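Structure first, commentary second.
The values are calculated or read from the model by the stated rules, or taken from the named source; none is laboratory data. Predicted model, so just to flag it, every value in this text is computed and none were measured. Reconstructed Cβ throughout: ideal geometry from the backbone, glycine too, with neighbour counts over all protein chains shown.
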Amino acid sequence: MIGTSLNAPRRSAELDALADRREPVDLLVIGGGVTGAGVALDAATRGLTVVLAEKHDLAFGTSRWSSKLVHGGLRYLAGGHVGIAHESAVERGILLRHTAPHLVRALPQLLPLLPATNASMAGVVRAGQLAGDVLRIAARTPGHMLPRSRRVSGTEMRHYAPTVRTEGLRGGLLFWDGQLVDDARLVVGLARTAASHGAIVLTRCEATQVTGHGAVIRDGLTGAELPVAARMVINAAGVWAGGLAEGIRLRPSRGTHLVLPQAAFAGDGPGLQAGLTVPVPGRVGRFVFALPALDGRVYVGITDEDAPGPAPDVPTASDAEIDFLLSTINSVLRAPLTRADLLGTYSGLRPLLDAGGGASADVSRKHVVATGADGLVTVVGGKLTTYRRMAQDALDAALRHSRIVAGPCRTARLPLVGASGSADPAVDLAPARLVRLYGAEAMAVVAEAGGDPALLEPIAHGVPTTMAELLFAVRHEGALDDADLLDRRTRIGLDPAARERALPAARAALAFATG
């Protein structure tokens with residue numbers, strides 16, 4: 001596992017080796033989100049020498065604040081953007097079948113047919129679902145992975161969503177899409193797989209004085225500065241990309257989610273067994289989703305609000321967004337949710353290119369690759385689902401400009417570390433929860449316990465994460481401090497109260513793993 005392991009000793013050794021290097025690296029990637037990690041993996045597997053520099057931590061920015069959905073492009077179809085919709089469906093299939101089958105699963109999503117959803121609206125949604133079925137077929141995603149859409153009865157609707165209103169319920173419309181177990185885990189998997197192919201992955205390393213030929217890297221832990229010469233530089237800094245490249249103007253859009261316990265959706269049943277799709281009153285093609293997640297959570301989102309001004313490191317939800325999400329989801333529930341039900345909230349900023357005019361919800365989600373006069377390539381826009389294609393397009397642009405010869409893109413069929421999942425007989429011995437999070441590496445996580453069953457027990461009340469997971473994160477996933485552990489390698493931090501209870505265990509894991 002040494003080749004895929006990211007940790008403090010490896011970081012120090014690679015910084016030292018980089019300081020001694022006399023030749024430029026082939027590629028410097030700035031930004032450790034899903035796109036930057038995707039670029040690093042693409043380049044490393046084409047035989048290029050790669051350095052990825054991230055100011056904070058892997059998945060620090062927008063990549064960890066998504067809905068955790070792997071979209072098939074239905075929203076783009078509604079806007080007439082068939083090309084983007086097809087690209088999304090293709091990339092969804094690649095994630096499901098090849099890249100991360102251990103992290104992506106099929107998720108049923110249901111739109112309840114209640115009086116507020118009249119026959120005309122239901123017909124439009126059903127037509128969109130049928131178009132989504134065509135997209136899935138065109139993308140060659142097998143039906144056993146994503147079943148066809150269909151109408152369901154009221155009884156089946158209540159099985160999937162026990163707390164949906166029953167008065168006037170005419171059943172529901174069922175559609176299948178993809179869902180990530182966790183978006184930050186996808187980013188870490190990309191970075192570790194890139195590292196196994198020779199990429200140098202450096203967190204807490206800010207890129208300054210950026211040009212198309214290199215940058216100065218400042219070590220956030222020591223303050224030391226290191227010039228890095230590169231034959232190509234790709235700016236994948238997300239909402240901060242405009243600060244590194246001239247002529248790039250971004251119009252960030254904030255998307256907010258609520259974090260709720262499954263118990264709030266349980267009623268007399270087992271909880272929410274499918275995503276709920278709720279039309280936003282007065283807005284054609286706009287919906288709020290309630291999405292069941294791992295460890296007894298439900299995420300409710302998403303908003304789309306202009307977020308002008310400097311991008312904060314950690315965006316926060318507004319009161320208006322919280323009220324809007326609660327009001328919309330409550331329109332289909334028997335017992336309304338209140339702020340007292342919330343475990344927490346989270347918000348992310350979409351790095352949309354500013355084309356001027358219109359509401360942020362109308363700004364194109366198509367990604368843009370721009371090459372500056374000095375060769376600096378910047379990639380912005382897009383969606384988490386299409387990160388791989390964004391990375392490929394950005395690297396292809398850099399190769400064209402630099403005239404560097406590299407091998408073909410391999411990432412469409414390349415599995416990430418852990419991706420063999422249930423195909424590996426060793427996973428039969430591991431707890432099911434660990435298999436869902438780590439795939440074929442589940443037993444490696446168990447091994448961190450060293451035979452001590454206490455290290456495989458929950459670290460705090462109401463927190464299913466184990467000490468073995470925290471140790472694995474420090475030794476193999478590049479976690480350097482308690483925030484890395486609680487907010488990104490695990491998602492305990494989405495519930496602030498649970499985070500407080502888990503903090504002593506995180507600090508103990510750091511001391512033990514590095515001692």
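Regarding LEU471, is this residue in contact with a Pro (Cβ under 9 Å, 6 or more places away or on another chain), at pLDDT 95 or above and not assigned by TED's automatic domain parsing to the domain that holds VAL201? In short, no. Given LEU494, LEU486, LEU434, which one is of a type outside the set (Asp, Glu), crowded, with 21+ Cβ neighbours inside 10 Å and touching a strand residue (DSSP E or B) at 6+ places or on another chain (Cβ under 7 Å)? That would be LEU494, the only listed residue that is of a type outside the set (Asp, Glu), crowded, with 21+ Cβ neighbours inside 10 Å and touching a strand residue (DSSP E or B) at 6+ places or on another chain (Cβ under 7 Å).
Of all the listed residues (GLY33, GLY61, GLY47), the sole one being under 14 Å from the mean Cα position of the chain (by Cα), under 17 Å from LEU395 (Cα atoms) and of a type outside the set (S, T, N, Q) is GLY33.
For ALA509, the criteria (1) over 22 Å from GLY33 (Cβ atoms); (2) among the aliphatic types (A, V, I, L, M); (3) surrounded by fewer than 20 Cβ atoms within 10 Å (Cβ to Cβ) hold in every case but one, which is (3). Select from the stretch 109-133 the residues that are crowded, with 18+ Cβ neighbours inside 10 Å and not in a helix (DSSP H, G or I) and write down the one among them that is modelled with the lowest pLDDT. Within the stretch 109-133, the match that is modelled with the lowest pLDDT is THR117.
Residue pairs whose Cβ atoms lie under 7 Å apart, separated by 6 or more positions or on different chains, with the first residue in the stretch 446-475 and under 22 Å from ASP487 (Cβ atoms) and of a type in the set (D, E, K, R) and the second modelled with pLDDT under 95 and part of a helix (DSSP H, G or I), are ARG475/ALA513.
Could you please give the count of residues in the stretch 242-262 that are more than 18 Å from the chain's Cα centre (by Cα) and modelled with pLDDT of 95 or more? Matching residues across the stretch 242-262 total 3.
Within the stretch 223-271, the residues that satisfy the criterion of being aliphatic (A, V, I, L, M), assigned to a strand (DSSP E or B) and crowded, with 17+ Cβ neighbours inside 10 Å are LEU226, VAL228, ALA230, MET232, VAL233, ILE234, LEU250, LEU258, VAL259, LEU260. The residues in the stretch 64-93 that are more than 18 Å from GLY238 (Cβ to Cβ), under 15 Å from the mean Cα position of the chain (by Cα) and hydrophobic (A, V, I, L, M, F, W, C) can be counted, and the count is 2. Looking at the stretch 291-325, which of the residues that are out of contact with any strand residue (DSSP E or B) (no Cβ under 7 Å at 6 or more places or on another chain) and among the aliphatic types (A, V, I, L, M) is nearest to GLU167 (Cα to Cα)? Here the residue is ALA320. In the stretch 302-414, which strands (runs of 3 or more DSSP E) lie fully inside it and hold 2 or more residues that are outside the structural domain of VAL239 (by TED's automatic domain parsing) and in contact with a helix residue (DSSP H, G or I) (Cβ under 8 Å, 6 or more places away or on another chain)? In the stretch 302-414, the matching strands (runs of 3 or more DSSP E) lie at 344-350. MET157 meets each of the listed conditions (1) surrounded by fewer than 22 Cβ atoms within 10 Å (Cβ to Cβ); (2) within 23 Å of ALA266 (Cα to Cα) apart from (1).
Condition check ((1) within 23 Å of HIS102 (Cβ to Cβ); (2) assigned by TED's automatic domain parsing to the domain that holds ALA440; (3) part of a strand (DSSP E or B)) across all residues:
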position	(1), (2), (3)
LEU135	no, no, no
MET145	yes, no, no
ARG148	no, no, no
GLU156	no, no, no
PRO162	no, no, no
GLU167	no, no, no
ALA191	yes, no, no
THR208	no, no, yes
ILE217	no, no, yes
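Taken over the stretch 459-494, the criterion of being over 21 Å from the mean Cα position of the chain (by Cα) and small (Gly, Ala, Ser) is satisfied by ALA460, GLY462, ALA468.
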